[in-house]
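See structure below.
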Amino acid sequence: MNVAAVTESSRPRRGLRRAIDDGAILAGWVGVGMAIAIGVSFLLVIPIEPIYWLLTPLSGLLIGYYANQRSGVSRGRWRRTIANALYAGALTGLSLALLLVAVKGLFFYADSGYRDEGLGPPLSCVAGADCVYARYLADGRERALEAVGVTDAASFSAFYWQQQLTNAWMLLGLATAGGLVGGILYGISAPRPGVRSDPSEVSSLP
């Protein structure tokens, strides 16, 4: 018998591990990796932001299910099932939200006013907020911006980042809600007590 293993398993679980399983902690980090892959793919390589938003709740759902499947949670343990799912979904959503804000910030502060030849000459502006604001004006959004109190680069910058923070909170909420749904789906189909699921049979995630 492995005495060290017995001693480790008999120790009281502290902090985060009292509320969720080790498998859920691992699943949360898998969710971080998933978020990075999605962000690089659809915010940088092929910037299609609607797909990024579409994949956010789906990622949360998958990782919420996986968190419990990885932990081998048995049927009927709803408190642990929901806690695992919410943790993994929230960590995935936080990663997706931070990635969106980081990419938006990169393009916001690096904007120098350059435009493709078909759109006209480069904008005359100072790199950063001034150029982004000028780009919005060139797109004919002046009246829409004035309607919300945006009249210069400073007020535009405040408005822009308020919108991005709102979007970040929405991404976090969508992924967390997806994780909750994933946990509920797992709870319905979970193995009965005494039967531990095999992660390799249910999910292809590492």
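The values are calculated or read from the model by the stated rules, or taken from the named source; none is laboratory data. What you see is a predicted model; the values in this text were computed from it and never measured. We place every Cβ from the backbone using ideal geometry, glycine too, and count neighbours over all the protein chains shown.
Annotation: of all residues in the range 72-86 being among the small types (Gly, Ala, Ser) and modelled with pLDDT of 95 or more, the one that is farthest from the chain's Cα centre (by Cα) is ALA83.
The set of residues in the range 83-102 that are surrounded by fewer than 18 Cβ atoms within 10 Å (Cβ to Cβ) and in contact (Cβ under 8 Å) with a residue 60 or more places away in the chain comprises LEU98, VAL101. From the list VAL126, VAL150, the one residue that fits, being hydrophobic (A, V, I, L, M, F, W, C), part of a loop (DSSP other than H, G, I, E, B) and touching a helix residue (DSSP H, G or I) at 6+ places or on another chain (Cβ under 7 Å), is VAL150.
Table: residues versus (1) in contact with a helix residue (DSSP H, G or I) (Cβ under 7 Å, 6 or more places away or on another chain); (2) closer than 15 Å to GLY173 by Cα.
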residue	(1), (2)
THR56	yes, yes
SER59	yes, yes
ARG70	yes, no
SER74	no, no
ARG77	no, no
GLY89	yes, yes
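A count restricted to the range 73-96 and to residues that are under 14 Å from TYR186 (Cβ atoms) and either in a helix (DSSP H, G or I) or not basic (Lys, Arg) (or both) stands at 15. I'd like the full set of residues that are more than 18 Å from SER95 (Cβ to Cβ) and of a type in the set (Val, Ile, Thr), limited to the range 167-188. Answer for the range 167-188, where residues must be more than 18 Å from SER95 (Cβ to Cβ) and of a type in the set (Val, Ile, Thr): VAL181, ILE184, ILE188.
Take the conditions (1) surrounded by 19 or more Cβ atoms within 10 Å (Cβ to Cβ); (2) within 18 Å of ALA168 (Cα to Cα); LEU106 misses just one of them, which is (1). SER124 falls short on exactly one of the conditions (1) crowded, with 16+ Cβ neighbours inside 10 Å; (2) without any contact (Cβ under 8 Å) to a residue 60 or more places away in the chain, and that condition is (1).
Considering ARG70, ARG115, ARG143, the condition of being part of a helix (DSSP H, G or I), free of Cβ contacts under 8 Å to residues at least 60 places away in the same chain and on the phi < 0 side of the Ramachandran plot is satisfied by ARG143 alone. Screening SER74 on (1) surrounded by fewer than 21 Cβ atoms within 10 Å (Cβ to Cβ); (2) closer than 13 Å to GLY178 by Cα; (3) of a type outside the set (Phe, Trp, Tyr) shows it passes everything except condition (2).
The residues of the range 32-71 that are among the hydroxyl-bearing types (Ser, Thr, Tyr), surrounded by 24 or more Cβ atoms within 10 Å (Cβ to Cβ) and at pLDDT 95 or above, listed by number, are THR56, SER59, TYR65, TYR66.
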